[in-house]
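A short worksheet on the structure shown next.
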Amino acid sequence: MQKIKVLYITDNNDSEYPDLLMNYLNVSEYRNRLSIEQVDAKLINSEMDSLDYIAVLTEVDPTLLELNNKDNVLYLTESASVESNSIFKYQPLDQIFKAILNLYYDDKGKLLSTNDRKSTSIISFTSANGGTGKTVLSLNFAKFLASHSLKVLYLSLERLTSYNSYLVGEKEKSSELYYYLKDDPLRLFNKLPQLIDTDKELKIDFIPTNLELDEVKSLTKLHLEELLKTIVDLNEYDFLIIDMDSENNMLREEIMSRSHEVFWILNPDETSFMKTHFLIDTEEYKKIVEKKMVHFIINNYGGSIFSNKSNFELSPKAYIDHQSGWQNINDREKLLGDSKIGIKLLKCLPKISIGLEEDEHEGRV
């Protein structure tokens, strides 16, 4: 996480309050967004220029401190104050953490970059038609990555979402993500962590969205750019897995162009091949496919494909066998029981290595 480095300045030896503040931070939702270091005010004026910090939290009157940037100081007071850079000391501690975030982020518009950057790989799943098993494959891949101690965020941008039958979280589905994207994008960085839920058993983070058809259709390229940039700027995730809508071509084209890798899922039938060929034969998609970042995956494979498949000039990277046993189990069990789909998909991505040992006896999934 891209943290705000905060100096907590005191002019006495009482450590009870700063200890309380820092101990609470370590167990709060802000622990990956803030770091606090306590500093004696007597040392500040002589050493301030050499200290690495972004914001200042202080009980010492800022006018008594020779701070270079007064606008990054939040002054803790013993009583309520109307000053914009002052905050009442004795209130819920999470309100103080929010004030620090607002002081820096809302006033300045963005966080400073740090050297401790996590590289977030964006991997998207799409298809030319519904019913290809795109969601179950994307979630199985997310589960596989998470099982190898990688931090994964799953994002569904489908108009008719089905992930809720696979993932179990604690938060209600909502349209808050949509409203922040449309009406208050500057606050999205602060609000996004509060919208993210976690499937604790699968260790997959996800955003429990509940977007209506009109809301998805009204999202623009600028909205998508803002959303993806915000997720990357959180500096939290190794992988962002995007489950795309199979009918919204504008969104699909934009997400594909911003992804590092794309899995295009097909059924082993002529209709699925024909629709895919029609789409990727357009100029917009040709450029993306030519970059060799699109991997065609045949799902529900039964051992053979229709006779004239060569007419469509598609080269599948992997075949996922039809799972006959899945007809009698629910979606959650499909996700919990699979152990091979993730490996199969990962082998399509030579640029990504997570230190797996090759299984010489592994057959087709």
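Could you list, in sequence order, all residues of the range 287-310 that are open to solvent by less than 90 Å² (accessible area, probe 1.4 Å) and closer than 24 Å to Glu253 by Cα?
Across the range 287-310, the qualifying residues are Ile288, Val289, Met293, Val294, His295, Phe296, Ile297, Ile298, Asn299.
Quick one: in the range 187-197, of everything that is outside any loop (DSSP other than H, G, I, E, B) and among the aliphatic types (A, V, I, L, M), which residue is surrounded by the fewest Cβ atoms within 10 Å (Cβ to Cβ)? Show your work before the answer.
Of all residues in the range 187-197, those outside any loop (DSSP other than H, G, I, E, B) come to 187-195, 197.
Among the residues that remain, those that are also among the aliphatic types (A, V, I, L, M) are: 188, 192, 195.
Values: Leu188: 19, Leu192: 20, Leu195: 16.
Ranking the candidates gives Leu195 first.
Have a look at Ile329, Ile354 and point out the one that is out of contact with any strand residue (DSSP E or B) (no Cβ under 6 Å at 6 or more places or on another chain), at pLDDT below 90 and of a type in the set (A, V, I, L, M, F, W, C).
So the residue among Ile329, Ile354 that is out of contact with any strand residue (DSSP E or B) (no Cβ under 6 Å at 6 or more places or on another chain), at pLDDT below 90 and of a type in the set (A, V, I, L, M, F, W, C) is Ile354.
Would you mention how many residues in the range 198-233 are assigned to a helix (DSSP H, G or I), modelled with pLDDT under 85 and among the hydrophobic types (A, V, I, L, M, F, W, C)?
Count: 3.
Against the definition (among the small types (Gly, Ala, Ser), touching a residue at least 12 places away in the same chain (Cβ under 8 Å) and in a helix (DSSP H, G or I)), how does Ser246 come out, yes or no?
Spelling it out, it is not the case that Ser246 is among the small types (Gly, Ala, Ser), touching a residue at least 12 places away in the same chain (Cβ under 8 Å) and in a helix (DSSP H, G or I).
Criterion first (assigned to a loop (DSSP other than H, G, I, E, B), out of contact with any Pro (no Cβ under 7 Å at 6 or more places or on another chain) and buried (at least 19 other Cβ atoms within 10 Å of the Cβ)) does Glu236 satisfy it?
On the way: assigned to a loop (DSSP other than H, G, I, E, B): yes; out of contact with any Pro (no Cβ under 7 Å at 6 or more places or on another chain): yes; buried (at least 19 other Cβ atoms within 10 Å of the Cβ): yes.
In short, yes.
Of the residues Glu284, Glu261, Glu313, Glu253, which single one is within 27 Å of Leu153 (Cβ to Cβ), open to solvent by 10 Å² or more (accessible area, probe 1.4 Å), acidic (Asp, Glu) and at pLDDT below 85?
Glu284
For the range 181-190, state whether one or more residues are under 13 Å from the mean Cα position of the chain (by Cα) and at negative phi. Talk me through it step by step, then tell me what you get.
Of the residues in the range 181-190, the ones under 13 Å from the mean Cα position of the chain (by Cα) are 188-189.
Subsequent filtering for residues that are at negative phi retains 188-189.
Checked the range 181-190: at least one residue is under 13 Å from the mean Cα position of the chain (by Cα) and at negative phi.
Within the range 153-186, track down each residue that is open to solvent by 70 Å² or more (accessible area, probe 1.4 Å) and part of a loop (DSSP other than H, G, I, E, B).
Result: Leu160, Val168, Glu170, Lys171, Glu172, Lys173.
The values are calculated or read from the model by the stated rules, or taken from the named source; none is laboratory data. Everything numeric in this text was worked out from a predicted model, so none of it was measured. Cβ sites come from the backbone with ideal geometry, for glycine too, and all protein chains shown count toward neighbours. Accessible surface areas use protein heavy atoms only, side chains included; no ligands, DNA or RNA. Shrake-Rupley method; radii C 1.70, N 1.55, O 1.52, S 1.80 Å.
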